[in-house]
Structure formats: C-alpha cells, structure tokens
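These notes are about the structure you will find just below.
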Amino acid sequence: MGQTLTEKILARHAGVDSVQPGENVWVTTDVLMTHDVCGPGTIGVFKKHFGPDARVFDPEKIVIIPDHYIFTADLHAHRNIDILRNFVKEQGIRYYYDPDFVTSEGYPSPYKDPSKTHYKGVCHIALPEEGHTRPGEILFGTDSHTCTAGAFGEFATGIGNTDAGFVMGTGKLWLRVPETMKFILHGRLPSYLMAKDIILHIIGEIGVDGATYRAMEFDGEGVFSLSIEERMTICNMAIEAGGKNGIIPTDELTENFVRSKTDKPYTVLRSDPDAAYHSVREYDLARLEPTVAQPHSPDHRALAHDLREVKLTRAYIGSCTGGKIEDFEAAARVLDGKQVQIDTFVVPATTWVDQELDNRKVNGHSLREVFLAAGAKIGPASCAACLGGPADTFGRLNGPEVCISTTNRNFPGRMGSKAAQVFLASPLTVAASAIRGSITDPRDFIG
Amino acid sequence: MSEPKVIRGKAYILGDDIDTDQIIPAEHLVYSLDDPEESKKYGSFALSGVPLAQAGLPEGGTPFVKNGGWQSTFRIIIGGKNFGCGSSREHAPYALNKAGALAVVATSYARIFYRNSINGGYLIPATSREDLSRIYRTGDEVELDTVGGVVRNISQGLTHELVPLGDVAAIIEAGNVFEYAKRMGMIATA
C-alpha cells in the first residue's frame with residue numbers, strides 16, 4: 001500500500017522504507033527553531049540534562065528568532081533576549097536574528113530603518129524569508145504555529161521546551177506517525193475571499209479538535225492556485241483544528257520560492273496515488289463566503305454578512321497568520337481612500353514586510369501611506385498583541401474591547417484582557433469592518 | 001517525577017477546550033523556569049486565565065490558586081474534551097505542576113500539551129472514557145489509579161474507567177523523556 005507525503009517524510013527521517021500511522025518512530029531533525037519565549041527554557045532543559053559544557057547537536061541546524069516580547073520595557077523579557085545572545089555566542093549558532101536595538105533598560109527605540117537591523121520579527125514568516133524552509137525536511141519549533149512551514153512540502157510541527165532541549169542535544173525526537181486527513185480544494189478563490197476564509201471554514205466544519213493527532217494534507221487545483229503566502233495561512237491554522245501538521249505538496253511555485261532563498265539541497269516527496277487517508281473532504285472555493293470565527297473559539301464559525309449587527313471597538317492586522325505582505329496588500333485595497341471608524345492597528349510580521357509597506361503600491365500610494373491616511377496606527381514587526389503579551393505591548397486589548405483580527409486565536413484573554421471579545425477574519429474582512437466599525441462583508445467595498 | 005501509582009487529592013473541575021492561554025496567560029511567560037524562587041510565579045498564575053464563572057465547576061467562582069499564593073489545594077484537575085489546546089508553551093503543564101497538580105483527567109487532549117506533560121514529567125494526563133467534568137464537583141476527594149486503570153470519586157462513591165496509557169506509560173514510569181531515553185540506550189547516562 002502507498003504512503004502519504006507526511007508518512008514518507010517521517011519514514012525517510014527514521015531511516016526506514018515505510019511507517020504506519022500509530023507507530024512511534026525516532027526521527028532526525030533538519031531544523032530546530034526557537035524564540036525568546038521558549039528559547040531560555042529550552043536552553044535550561046538542554047544544560048540540565050546534557051551538562052553545563054554540552055554542545056548542541058549541530059550549530060548550523062538551530063535557528064533562533066526572537067519575535068514575541070521585543071517592544072516592551074519588561075525586564076524579564078530583556079533578560080530572556082540576553083540568555084539567547086549568550087547561548088548563540090557560546091555555541092556558535094549561525095542563524096540568529098538579534099533585536100540589536102534592545103540595548104538598555106526601558107522600552108527599546110524600535111529600528112529606524114527595517115533594512116538595517118539583524119532583527120527579523122515573527123519566526124514563522126522569517127524562516128522562509130531566510131531560506132530555512134525546504135521540501136521533504138523535518139522542522140521542529142518551540143511554537144505551535146511552526147506548522148506554517150508545511151506550505152513548503154515539509155513536516156513541520158510545534159514542540160515544548162523538553163522536546164526541544166532533547167532535540168538540541170541529540171538531533172532526534174520520537175513521534176507517533178499521524179493518520180492523514182486530505183482536504184481537496186476545487187476551483188479558484190473569488191477576489192473577495194482569502195486563504196483565511198478557507199481555513200476558518202474548514203476549522204468550523206471539523207472543530208478545534210477535528211484533526212487532533214492527525215496530519216492535514218491540502219490538495220487540488222484550488223490550493224495550487226494560491227500564492228505561497230496564502231498557502232502558509234492555511235497550514236498556519238492546522239493547529240487550530242488540533243492538527244499535528246498541515247502540509248501542501250511541492251509544485252513549481254514552491255521550488256521557485258525556495259530556490260530564490262537557499263542553495264541547500266532538498267528532496268521533493270509526494271503522496272502515492274494509493275496512499276491510505278483517514279478521511280477525504282472536498283471544497284468548492286467559489287462557493288465559500290467571507291467567514292468569521294466568533295468568540296471564544298476558532299471553530300465558532302459564522303458568515304461575515306450575518307454578523308452585521310456586531311459593533312466593534314478595535315481592528316488588528318498582523319501576526320504569522322495575517323501580517324504577511326499580501327495580507328497588507330489586500331487590506332490596503334479595501335482601505336484606500338477610506339477612513340477607519342475604530343482604532344486600527346497594523347503590525348508587519350517581519351522587517352522585510354515592513355520595508356515592503358513602502359515599496360508596494362495601491363493606486364499609486366504606498367501601503368504605508370494608505371494605512372496612515374485611513375487613520376490606522378503602524379507598529380514595528382513583532383508578534384505584538386496576537387497573544388496579548390506584557391501590558392505595554394502595541395495593540396494589546398487591555399479592557400472589554402470588541403476586536404476583529406487577522407490573527408489565529410480568540411480564546412478568552414488571548415489578546416490581553418479576559419473581558420475582551422475577539423473575532424477572527426481575513427484581512428479583507430477586517431479592513432472592511434474597520435471602515436464601518438461593525439463586522440462587514442468585504443463585498444460591500446470590493447467586487 | 002516518580003509519583004506513587006495512586007494519586008489522591010481534591011478535584012478541580014473545568015470544562016471543554018481549556019487552552020494554554022487560560023492555563024497560563026502569555027503575559028506571564030517571561031519568568032524563569034529554572035530559578036527556584038522566580039519560577040513560583042508560574043504556580044501563582046496557574047489557570048488564572050480561566051474566566052471566573054468557569055473556574056471550579058459546577059458553581060464556578062473558585063480560583064485554582066488563591067490570590068497571593070502559589071500553591072493550590074487541588075491535586076487533580078478534571079476536564080472535558082481537548083484539554084490543553086492552543087500554544088505549545090510547556091509553561092502550561094509546568095505551571096499546573098508548580099501549583100501542586102499531579103494529574104489531569106479529561107476525555108481528550110491536544111497533542112502538544114499531552115507530549116509536554118509526559119516528556120517533561122510534570123503530570124499524568126489520564127484519559128477517562130466518560131466526561132467526568134459533568135459528574136464530579138470541585139472539592140470532591142478523588143483517587144487516580146493509572147495502574148488499575150480507574151479513577152474513584154470517594155466523595156460521591158463512584159468509580160470510572162480510564163483509557164490505558166499505552167506506549168507512553170514507559171516514559172511516565174521512567175520519569176521523563178530523558179530518563180526514558182537513557183533506559184533505552186538512546187543517550188548516555190550523565
């Protein structure tokens with residue numbers, strides 16, 4: 001019997017010809033990624049179990065990307081960046097992206113020019129920008145949204161500090177081989193829909209535990225018609241259905257992207273035609289509608305036009321899910337020449353995205369000009385308020401706000417206050433809603 | 001962690017889909033996990049993200065850890081489905097452990113929380129066949145016997161079956177994934 005893409009990657013890294021779902025295997029690691037929130041704990045586990053003088057399994061295969069708590073005066077957050085810096089120096093870690101402007105106590109002055117800092121920002125977006133995502137590989141990251149990188153035809157999953165400490169010392173980890181659920185996307189997305197609508201629709205259908213312990217493989221001409229960034233949005237939220245990983249087979253677009261970022265060799269693997277799936281679901285993209293997840297769960301699905309009565313106090317465009325350059329291009333398409341009625345926060349995922357806000361244009365105006373003219377506030381690249389963070393975090397919900405957001409989670413208190421309510425939607429829907437001050441179907445503004 | 005085979009203590013009841021932001025809100029993730037004094041903060045804020053109305057069911061209104069303290073009077077947490085969903089933060093089972101919790105009993109788990117609980121040796125994530133969060137009451141005296149495969153509610157005089165731990169029992173028995181790997185000859189004994 002044939003094997004799925006996920007099974008093939010795991011088998012290859014376990015050094016065997018084939019694996020079966022449910023089987024536990026030890027696999028080798030191509031990349032281990034960590035950041036400022038989980039890096040210090042991971043380093044602590046590594047030192048505790050392998051000794052104070054231990055060396056990491058391969059300093060070229062560990063990527064450290066501070067991104068969570070950068071723009072804060074929190075002393076502990078600064079201390080954690082220093083722990084990363086010391087470890088990088090001690091171990092000779094090659095791929096480290098330092099927030100070099102965090103140099104003293106107090107709230108750091110952000111980078112002046114995003115092209116002149118080593119700092120990148122949100123790890124899941126910086127990884128592909130810097131060439132660390134490659135087909136056929138295994139990427140472990142100390143962050144649940146590590147599954148984003150499945151968009152590059154690799155097995156990518158989030159792990160805790162203990163597992164990461166183990167990988168740091170051995171380069172290996174045990175995994176239970178997941179069953180694969182297949183999601184076949186037919187047709188093409190109309191102009192008023194985005195990948196976010198697709199994945200919110202799917203999560204609403206299968207539930208926040210609908211893919212627990214399983215791989216979610218996306219296939220069909222619909223998924224291959226999507227850009228790389230939109231594919232990342234889909235894989236990013238696999239974890240919101242409980243999935244172990246999301247994965248999209250490699251095509252020419254993937255290879256062109258990866259080749260433009262790295263010259264490291266990789267191996268493209270594909271699911272066999274007779275592979276066994278847990279289940280197969282099919283979707284016609286043209287029939288979807290702008291979709292929203294209501295408080296307090298990503299599977300609490302509704303259609304944007306059925307929530308017109310919901311008054312908002314806040315809009316947020318950012319994060320690994322909705323802070324990529326195409327997310328801002330989409331939002332700017334709606335916001336061009338309009339005014340926002342509610343506080344609207346724009347946070348580019350990375351410093352590269354921040355630069356592109358000046359380079360990309362809508363009707364002759366840069367995206368930055370469009371957002372500022374509309375009355376939005378733009379912050380520096382970071383995870384920022386997606387997960388609340390320290391009290392001084394840009395855009396954080398500090399009271400009973402009603403927010404519509406391009407992020408991935410709306411659990412109680414996720415963006416700050418437990419009294420806040422968060423609605424999740426596409427950048428198009430968030431931008432349209434910011435203009436009205438209530439939840440709005442983007443078709444009201446664009447065709 | 002090498003806990004006795006039978007765990008006994010007061011139960012704390014929560015609902016479905018308890019995510020890791022509720023278990024330990026992100027603003028607290030800045031504290032050291034290694035410093036004995038600073039890490040007590042994780043005990044102080046364990047389950048502090050749960051809305052008060054859902055804290056300690058069925059009545060609610062009972063914080064897991066009393067304000068100002070870092071230790072809970074509850075030892076066993078009872079949940080519904082998909083316990084520990086969301087972020088991969090290992091701070092979640094760590095915080096529950098720090099506050100004194102020894103086990104969770106739920107009908108299902110999110111996989112990263114499950115792995116972290118076992119590989120880090122913080123607590124036993126036991127799986128019940130029946131949703132005990134609808135039956136048990138916060139404060140009930142409960143006994144968890146993972147070897148015998150049952151959980152007993154002493155206060156209510158009830159016994160419920162657990163799903164066998166399977167392969168992970170060996171890691172729980174060893175204490176954590178490092179001890180397990182040493183036993184298996186995967187890594188050298190320090």
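Yes/no matrix, rows are residues, columns are (1) open to solvent by 10 Å² or more (accessible area, probe 1.4 Å); (2) of a type outside the set (D, E, K, R); (3) not assigned by TED's automatic domain parsing to the domain that holds A:PRO135:
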position: A:PHE257; (1), (2), (3): yes, yes, no
position: A:PRO265; (1), (2), (3): yes, yes, no
position: A:PRO298; (1), (2), (3): no, yes, yes
position: A:ARG308; (1), (2), (3): yes, no, yes
position: A:ILE317; (1), (2), (3): no, yes, yes
position: A:LYS324; (1), (2), (3): no, no, yes
position: A:GLU356; (1), (2), (3): yes, no, yes
Residue within the range A:417-439 that is in contact with a Gly (Cβ under 8 Å, 6 or more places away or on another chain), within 15 Å of A:TYR316 (Cβ to Cβ) and surrounded by fewer than 24 Cβ atoms within 10 Å (Cβ to Cβ) present: yes
Qualifying residue in the range B:123-132 (condition: open to solvent by 30 Å² or more (accessible area, probe 1.4 Å), away from chain A (no Cβ under 12 Å), farther than 26 Å from A:ASN245 by Cβ and of a type in the set (A, V, I, L, M, F, W, C)): no
Subset tally (residues that are within 14 Å of another protein chain (Cβ to nearest Cβ) and open to solvent by 10 Å² or more (accessible area, probe 1.4 Å)) for the range B:62-84: 2
Residues (open to solvent by 10 Å² or more (accessible area, probe 1.4 Å), more than 9 Å from chain A (Cβ to nearest Cβ) and over 19 Å from A:GLY243 (Cα atoms)) located in the range B:101-121: B:LEU102
Search result, residues across the range B:1-30 that are without any contact (Cβ under 8 Å) to a residue 60 or more places away in the chain and open to solvent by 10 Å² or more (accessible area, probe 1.4 Å): B:PRO4, B:GLN22, B:PRO25, B:GLU27
For A:ARG188: the one exception among (1) charged (D, E, K, R); (2) open to solvent by less than 10 Å² (accessible area, probe 1.4 Å); (3) out of contact with any Lys or Arg (no Cβ under 6 Å at 6 or more places or on another chain): (2)
Candidates B:LEU33, B:LEU96 - the one that is open to solvent by 10 Å² or more (accessible area, probe 1.4 Å) and within 25 Å of A:HIS145 (Cβ to Cβ): B:LEU33
Hey, A:GLY131 in contact with a strand residue (DSSP E or B) (Cβ under 9 Å, 6 or more places away or on another chain), open to solvent by less than 20 Å² (accessible area, probe 1.4 Å) and assigned by TED's automatic domain parsing to the domain that holds A:LYS261 or not: no
Search result, residues across the range A:137-154 that are open to solvent by less than 10 Å² (accessible area, probe 1.4 Å) and not in a helix (DSSP H, G or I): A:ILE138, A:LEU139, A:PHE140, A:GLY141, A:THR142, A:GLY153, A:GLU154
Which numbered condition B:ILE135 fails, given (1) open to solvent by less than 40 Å² (accessible area, probe 1.4 Å); (2) β-branched (Val, Ile, Thr); (3) under 28 Å from B:ALA55 (Cα atoms): (1)
Residue check, A:MET232 out of contact with any strand residue (DSSP E or B) (no Cβ under 9 Å at 6 or more places or on another chain), under 24 Å from A:VAL177 (Cα atoms), buried (at least 24 other Cβ atoms within 10 Å of the Cβ) and touching a residue at least 60 places away in the same chain (Cβ under 8 Å): yes
The range A:238-278 - residue that is of a type in the set (Asp, Glu) and farther than 30 Å from A:ASP299 by Cβ and, of those, nearest to the other protein chains (Cβ to nearest Cβ): A:ASP272
Of the criteria (1) on the phi < 0 side of the Ramachandran plot; (2) assigned to a loop (DSSP other than H, G, I, E, B), which one B:LEU47 fails: (1)
Qualifying residue in the range A:31-47 (condition: among the acidic types (Asp, Glu) and surrounded by fewer than 24 Cβ atoms within 10 Å (Cβ to Cβ)): no
Conditions (1) more than 9 Å from chain A (Cβ to nearest Cβ); (2) surrounded by fewer than 17 Cβ atoms within 10 Å (Cβ to Cβ); (3) closer than 17 Å to A:ASP163 by Cα; (4) without any contact (Cβ under 8 Å) to a residue 12 or more places away in the chain: number failed by B:ALA174: (2)
Filter result (without any contact (Cβ under 8 Å) to a residue 60 or more places away in the chain and within 18 Å of A:LEU424 (Cα to Cα)) within the range A:333-363: A:ASP343, A:PHE345, A:VAL346, A:VAL347
When residues of the range A:386-409 are limited to those that are more than 10 Å from chain B (Cβ to nearest Cβ) and within 19 Å of the chain's Cα centre (by Cα), the one surrounded by the fewest Cβ atoms within 10 Å (Cβ to Cβ): A:PHE394
Complete set of residues in the range B:20-79 that are of a type in the set (Phe, Trp, Tyr) and in contact with a strand residue (DSSP E or B) (Cβ under 7 Å, 6 or more places away or on another chain): B:PHE64, B:PHE74
Selection within the range A:55-77 - open to solvent by less than 20 Å² (accessible area, probe 1.4 Å) and more than 9 Å from every other protein chain (Cβ to nearest Cβ): A:VAL56, A:ILE62, A:VAL63, A:ILE64, A:ILE65, A:PRO66, A:ASP67, A:ILE70, A:PHE71
Residue within the range A:353-372 that is under 18 Å from the mean Cα position of the chain (by Cα) and more than 16 Å from A:THR313 (Cα to Cα) present: yes
Number of positions in the range A:278-296 that are open to solvent by less than 50 Å² (accessible area, probe 1.4 Å) and out of contact with any helix residue (DSSP H, G or I) (no Cβ under 6 Å at 6 or more places or on another chain): 4
Any hit, the range A:155-171, residues being buried (at least 24 other Cβ atoms within 10 Å of the Cβ), free of Cβ contacts under 8 Å to residues at least 60 places away in the same chain, aliphatic (A, V, I, L, M) and away from every other protein chain (no Cβ under 12 Å): no
Matching residues, the range A:196-222, being in contact (Cβ under 8 Å) with a residue 60 or more places away in the chain, buried (at least 24 other Cβ atoms within 10 Å of the Cβ) and part of a helix (DSSP H, G or I): A:LYS196, A:ASP197, A:ILE198, A:LEU200, A:ILE202, A:ILE203
Residue among A:ALA381, A:ALA385 that is touching a strand residue (DSSP E or B) at 6+ places or on another chain (Cβ under 8 Å) and either part of a loop (DSSP other than H, G, I, E, B) or over 30 Å from A:ASP98 (Cβ atoms) (or both): A:ALA381
Candidate set: the range B:16-35, residues that are assigned to a helix (DSSP H, G or I) and not β-branched (Val, Ile, Thr); chosen: the one farthest from the other protein chains (Cβ to nearest Cβ): B:HIS28
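The values are calculated or read from the model by the stated rules, or taken from the named source; none is laboratory data. Bear in mind the structure is a predicted one, so any value in this text is a computation, not a measurement. So basically every Cβ, Gly included, is an ideal-geometry build from the backbone, and we count neighbours across all protein chains shown. Remember, those area values only see protein heavy atoms, side chains included, never the ligands or the DNA or RNA. Shrake-Rupley method; radii C 1.70, N 1.55, O 1.52, S 1.80 Å.
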